[in-house]
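Data first, discussion second: the structure below is written as structure tokens.
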Amino acid sequence: MSLLSRFRKDASGTTAVLFGFVAIPMIGIAGACVDYARASSARATLNAAVDSAALMVARDATKLTDAQLKTRAEALIRANLAGNSDARLGTYTVAINRTARTVDVTATTAVETSLAKVIGIDTIPVSSTAQSVWGTNRVELALVLDNTGSMASSNKLTELKKASLDLLKIMKEASTETDQIRISIVPFATQVRLPTTYKVAPWLRFDLTKGSGSNKKTISPATWEGCISDRDKPYDVSDAGAVIGQNATLYPADFCAQSTLTPIRPLTSDWTALTSTINAMTPVGYTNVTIGAVWGAASLSPIAPLPEAVPVNTPRLTKYMVLLTDGDNTQNRFGDSQSTMDDRTEAACKSAKAAGIRIYSIRVIDGNRNLLRGCASETAMYYEVTNASQLTPIFQQIAREISQIRLTM
């Protein structure tokens, strides 16, 4: 009896007994944390695989049949899941709506648990859905390109042509409809230049002169070679409509300071014509970034002087400008200081952005870094190169950002 009494009162070993009771659920809970972390990793992998498949199907929707697209989507999902042993493809669907031009991809997987099995959880279901659209986004893009004399150095113009032609190729391949992507090209120096067929345009004025005394000459439609200088201030920083009878609002036809400056190519989807303009560019003259930015914006506006654009509020339309220069502002029609010219450029960029144009700016080796960074719509849309050979990958990146298939979910 004494032995039984001592056994009844002895509390030693209680902790071990209690731990035995709670050990199984504790192991299960800890295991669940580990297994759910594995499931999160599988979900991230599955999301990436489904997104990639949706984009691929949208990109190739106009070239392949539905059956071919579904086969390729499955293969792409499986390939992207191959590196994650927890993400094994279960069910999947690929729904293609050619009327709405949408593709919906859904896929599931089930992550087999390890330690969580002790609390009755055998698998953790994971699913992912993505939708992409094709042929619905429209793009209007102005390439505003420095064609000044300094572009002849360091292989800059050669590399600019190469990069621009590469951009045209990407944009052409991304276009699935007539006029879905249209591009204008604005070569600039101190002035810009237009084909002389514009000489009868009502928004032009012919009153600028050169020389003095008996050698003084006034520009005329007959002597005009297509060059245009800055409008009177404050109209020099925007494409605000020219008003017939109000001389200050009109665009001044001028004698060419750079007679070999390549003419502007208004907004078009004629890829042959765009290629021809790029190939024709030559380096000549001084730098006036303001007039380049203003005419870039004008080429994206539906009003004169270049009315080819559609209104900015057109559904699914985005307007872009790529503004590239390799130097500081040096000369405009007014003989302004560099500081004043920079202020005019800043105002021109502000006006373009207010008109709904998203601006990429590129500084090639030299130029006002702060001015160009401020012209860009976002910090990430400003690029700076120290070697002209860097232009091609930058133009490729910009082209892909602009023309990419849209992922909506």
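The values are calculated or read from the model by the stated rules, or taken from the named source; none is laboratory data. Owing to the predicted nature of the structure, the values given are computational and were not obtained by experimental measurement. Don't worry about glycine lacking a Cβ; one is built from the backbone with ideal geometry, like all the others, and counts go over all protein chains shown.
Number of residues in the stretch 259-275 that are assigned to a loop (DSSP other than H, G, I, E, B), surrounded by fewer than 19 Cβ atoms within 10 Å (Cβ to Cβ) and touching a strand residue (DSSP E or B) at 6+ places or on another chain (Cβ under 7 Å): the value is 1. Kindly evaluate T325 against the criterion of being within 19 Å of the chain's Cα centre (by Cα) and polar (S, T, N, Q). The answer is yes for T325.
All but one of (1) within 30 Å of R400 (Cβ to Cβ); (2) touching a strand residue (DSSP E or B) at 6+ places or on another chain (Cβ under 9 Å); (3) surrounded by fewer than 19 Cβ atoms within 10 Å (Cβ to Cβ) hold for K162; state the number of the condition that does not hold. The single condition K162 does not satisfy is (2).
Of the listed requirements (1) within 30 Å of S132 (Cα to Cα); (2) modelled with pLDDT under 95, Y382 misses just one: (2).
Pairs linking a residue in the stretch 42-67 that is without any contact (Cβ under 8 Å) to a residue 40 or more places away in the chain and over 16 Å from L81 (Cα atoms) to a residue that is of a type in the set (V, I, T) and surrounded by fewer than 23 Cβ atoms within 10 Å (Cβ to Cβ), with Cβ atoms under 8 Å and 6 or more positions apart or on different chains, are D66/I96. Applying the condition of being aliphatic (A, V, I, L, M) and surrounded by fewer than 22 Cβ atoms within 10 Å (Cβ to Cβ) to the stretch 357-379 and asking which residue is modelled with the lowest pLDDT yields I365. If the condition is being of a type outside the set (A, V, I, L, M), part of a helix (DSSP H, G or I) and farther than 18 Å from L143 by Cα, then the stretch 347-373 contributes R369, N370. For residues in the stretch 214-258 being of a type in the set (S, T, Y) and within 33 Å of the chain's Cα centre (by Cα), which is surrounded by the most Cβ atoms within 10 Å (Cβ to Cβ)? Selected residue: Y251.
Condition check: at pLDDT 95 or above and assigned by TED's automatic domain parsing to the domain that holds T197. Does I278 satisfy that? In short, yes.
W224 - would you say it is modelled with pLDDT of 95 or more and farther than 21 Å from E140 by Cβ? Talk me through it step by step, then tell me what you get.
Values: modelled with pLDDT of 95 or more: yes; farther than 21 Å from E140 by Cβ: yes.
In short, yes.
Pull up the stretch 169-222, narrow it to residues that are of a type in the set (S, T, N, Q) and touching a residue at least 60 places away in the same chain (Cβ under 8 Å), then point me to the one that is nearest to S299 (Cα to Cα). Top of the filtered list is S184. Could you look through the stretch 381-398, keep only residues that are under 16 Å from S153 (Cβ atoms) and either outside the structural domain of S154 (by TED's automatic domain parsing) or out of contact with any Asp or Glu (no Cβ under 7 Å at 6 or more places or on another chain) (or both), and pick out the one that is surrounded by the fewest Cβ atoms within 10 Å (Cβ to Cβ)? Among them, the one singled out is T386. Scanning the stretch 308-350 for residues that are hydroxyl-bearing (S, T, Y) and more than 13 Å from G292 (Cα to Cα) yields T314, T318, Y320, T330, S337, S339, T340.
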